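Visitor: Have a look at the structure that comes next, please.
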Amino acid sequence: MGRWEPDARGRLAQAALALYAERGFETTTVAEIAERAGLTERTFFRHFTDKREVLFAGADALQTLIVGAVANAPDGLAPIDAAAAGLEAAGAHFFVDAQREMSRRRQAAIAANPELQERELTKLAALSAAIADALRRRGCPDLAAALTADIAIAVFKTAFEHWIDEANHDDFAVLVHDSLDELKAVTAA
């Protein structure tokens, strides 16, 4: 594939994930990623700041989408339902069938590396704080907003783990609702 081919960013991400699966994150170099994608290292750095960013590049867009959906959820919704609206919006945009395999590879790379796991936790903590802020702006008290946001992250993680499971074929939004329903059943008992 030549350098002039479209979707350099996507090709770089695919090449990186394939190499991370084959060789491991630590031993894969930017030069190898660029070569596998049929591009130059310079092109890689136009799209990503480093090889870790291939795995986390969409985090800001994900946060923006979720927080926007929480903020714009209908008035009168319980905080957990407003947070669920944010997770559903993320599912409709980010967690579609075409992205499932790539998400599996991404998660496998993160699971195999403690540094990447730490970065993932940092990103999730930032997402939780942003959701809590959005809930506060909706009038939710501080403690309730923080607790609801942390619960939303737990629901997000649970739904995501089920979504990338090869035996599962449900939509992300269905898994969010299933996780919330289970949580509500456990807390009501």
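Visitor: Using r as the Cβ-Cβ distance of Asp50 and Asp142, and R0 as 35 Å, what FRET efficiency do you calculate, to the nearest 0.05?
Guide: Efficiency for this residue pair is about 0.45.
Visitor: What trypsin sites (Lys or Arg not before Pro) does region 129-189 have in DSSP loop regions with at most 12 other beta carbons within 10 Å?
Guide: Passing both the DSSP loop test and the Cβ count: no residue.
Visitor: What are the lysines whose alpha-carbon lies under 24 Å from the alpha-carbon of Lys51, with same-chain residues fewer than 8 places away excluded?
Guide: Within reach: Lys123, Lys157.
Visitor: So how do 74-82, 174-182 stack up, highest first, on mean other-Cβ count within 10 Å?
Guide: The packing order, highest mean first, is 174-182, 74-82.
Visitor: How much length is gained if the chain between Glu22 and Glu41 is pulled fully straight, taking 0.36 nm per residue apart and subtracting their Cα-Cα distance, in nm to one decimal?
Guide: Full extension from Glu22 to Glu41 adds 4.9 nm.
Visitor: Using the alpha-carbon centroid of each, what span in Å lies between region 23-59 and region 123-151?
Guide: 33 Å
Visitor: How far, in nm, would the chain grow between Ala154 and Glu101 when pulled straight, counting 0.36 nm per residue and subtracting the alpha carbon separation?
Guide: Roughly 16.9 nm would be gained on extension.
Visitor: Evaluate the distance, in nm, between pseudo-label points positioned 7 Å from the Cα of Glu161 and of Ala189 along their respective Cα→Cβ axes.
Guide: Rounded to a tenth, the inter-label distance reads 1.7 nm.
Visitor: Let me ask you something else. Report relative contact order for region 58-188 in percent, whole number only (criteria: Cα-Cα under 8 Å, sequence separation at least 6).
Guide: Over region 58-188, the number comes to 30 percent.
Visitor: If R0 is 35 Å, what FRET efficiency do you get for Thr64 and Asp170 from their C-beta distance, rounded to 0.05?
Guide: Between Thr64 and Asp170 the formula returns 0.90.
Visitor: If you fit an axis through the alpha-carbon atoms of helix 172-188 and take the longest principal axis of the Cα set of the chain, what angle between them do you get, 0 to 90°, nearest 10?
Guide: 40 degrees
Visitor: How much net charge surrounds Glu161 when only other residues with a Cβ under 14 Å from its Cβ are counted (Lys, Arg +1; Asp, Glu -1)?
Guide: -2
Visitor: Moving on to the next point. Report the calculated FRET efficiency for Val30 and Ala71 (r = Cβ-Cβ distance, R0 = 35 Å), to the nearest 0.05. Display every interim value, and only then the final one.
Guide: Values: r = 37 Å, r/R0 = 1.07.
After rounding to 0.05, the efficiency reads 0.40.
Visitor: Here is a further query. In sequence order, what are the phi-derived ³J(HN,Hα) couplings for region 49-59 according to the Karplus relation 6.51 cos²θ - 1.76 cosθ + 1.60 with θ = phi - 60°, rounded to whole Hz, with x for glycine and proline?
Guide: 6, 7, 6, 5, 5, 4, 7, 10, 4, x, 4
Visitor: I'd like to know which of His169, Thr158, Leu135 lies farthest towards the positive end of the charge dipole of region 128-185, counting +1 on Cβ of Lys and Arg and -1 on Cβ of Asp and Glu.
Guide: Sorting the options by dipole projection puts first Leu135.
Since every read-out is calculated from the coordinates, none of them should be taken as a lab result. Just so it is clear, the structure is predicted and the values come from calculations on it, not from any experiment. Counting neighbours? That spans all protein chains shown, and the Cβs are built from the backbone with ideal geometry, glycine included.
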